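Peer 1: One structure, as structure tokens, below. Some questions next.
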Amino acid sequence: MRDFDSLIPDWFKSVVQVGNDLIWSQYLIGLLLTVGIFFTISSKFVQLRMLPEMFRALVEKPETLKNGEKGISPFQAFAISAGSRVGTGNIAGVATAIVLGGPGAVFWMWIIAFIGAASAFIEATLAQVYKVHDKEGGFRGGPAYYITKGLNQKWLGITFAVLITVTFAFVFNTVQSNTIAESLRTQYHISPVITGIILAVITAIIIFGGVRSIATLSSLIVPIMAIVYVGIVLFILLMNFDQIIPMIGTIIKSAFGMEQVAGGAVGTAILQGIKRGLFSNEAGMGSAPNAAATAAVPHPVKQGLLQSLGVFFDTMLVCTATAIMILLYSGLKFGEKAPQGVEVTQSALNEHLGSPGGIFLTVAITLFAFSSVVGNYYYGQSNIEFLSKNKAILFIFRCLVVVLVFIGAVVKTETVWSTADLFMGLMAIVNLVSIIGLSNIAFAVMKDYIQQKRAGLKPVFKPENLEINLFGIESWGREDKISKKH
């Protein structure tokens, strides 16, 4: 039932292939690693030394706004971004990385997550600094906003807004619906067309309900999914306890070429680990800041810490859990011709738990992926509102999202993943360059937060108290002062 793929023109597929070859070279990989290392060192390893503060920030109550309403809580904003992070990247993406890159790909996923947690902190903090009020009484923001207001580069902000809208609301959502359809087809022989129609209808119902319903849905589904999923993996680990240490040794040896596995050369392991790690945790890509900006917090750093925690949650916990299951699977094969994606993970669960394992994964992947559809849509909506206030355009955008969810379910898996890789790389380049340009702002805000904590105060952000002068801020009580100075 994948004849729909023939409707996609060959020229588009060729452009995607050429684009991937150009972008996913040593240059983008070098940029990701360099920026992550720079932020890690410059922030004095914020992702480690402020880990306890991250958990305290997670339960922070939302601030009451001037109109008496409450914005989205830090936890709800965390859940929206986790809803986008936790999905096919953790289940299908990890399997593909291991099959193509060998066990060593898992190690490089850990590396990109660790240094990427610092990049996630910086971009989320900047999103909070430059967020704006929305028409619903809350906030919105993200790279398009901090590029325009902080760097004063509106053309680049518009470019990013277009990229993220296309990447998440359209391209990444086709990946999610495709994985759901493939899982249901493999386990229950359900036609992808039927799955696509059902997903499109449910998506339409939810996205026309507004951001509040998105926050509520994600905050309910994501924690439950993660707890059950990780719980099952821990059970599998207990049943195979004696194999854990040797498996970790294999991962590390393969990462550096000390133990070669078919399909797992060092270069391939690094490429697959970084690509699938970035797709999964989104650190530095510029997507999670859109959710981070919606939180009502007294200080930007609080949400920056939560987004950093989200990277660890995604890769170190959920991705690693999936990798362990797959590497303990006796039927695992490597190479481009071997089975990939969700099929591998389903086979691993079937071996460990019997037929209930495959059934569980079908339910899990459906819930994980659909929560990602919801989170991805919000990223697109936030940037559509940045580009235009026209309600007709927003309506057309929502309709296109619904249509693309259906299309993703009925086209070939290779098509949607290749397209996703291309747009993901383009987004990362624009965002990484931008946050480097604004890094002095993020470090000044972090310093302010730490100084207040050391003084025994509950940190409250007041731009006028910073050692550097800020402009372009709208939601921290400085509109009049900013306009007079600039």
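Nothing in this text is a laboratory measurement; each read-out follows from the coordinates by a stated rule. Since the model is a prediction, treat every value here as computed from it, not as a measurement. We place every Cβ from the backbone using ideal geometry, glycine too, and count neighbours over all the protein chains shown.
Peer 1: Given a Förster radius of 41 Å and the C-beta distance between Phe208 and Phe256 as r, what FRET efficiency does 1/(1 + (r/R0)^6) yield to the nearest 0.05?
Peer 2: 0.20
Peer 1: Restricting things to alpha carbons, find the Rg to Rh ratio for the range 305-442 using the Kirkwood radius for Rh.
Peer 2: Value, to two decimals: 1.03.
Peer 1: For Asp134, what residues show an amide H to amide H distance below 5 Å, using hydrogens built from the backbone and excluding near sequence neighbours?
Peer 2: Distant-sequence amide H within range of Asp134: Phe139, Arg140.
Peer 1: Moving on. Mind scanning Lys131/Lys447; Lys391/Lys412; Lys275/Lys302; Lys275/Lys333; Lys44/Lys149; Lys13/Lys131 and naming the pairs with a C-alpha gap bigger than 25 Å?
Peer 2: Checking Cα-Cα distances, Lys391/Lys412; Lys275/Lys302; Lys44/Lys149; Lys13/Lys131 exceed 25 Å.
Peer 1: Shifting gears a bit: When the Karplus curve 6.51 cos²θ - 1.76 cosθ + 1.60 is applied with θ = phi - 60°, which whole-Hz ³J(HN,Hα) does each residue of the range 451-459 get, with x for Gly and Pro?
Peer 2: 4, 5, 5, 5, 7, x, 9, 7, x
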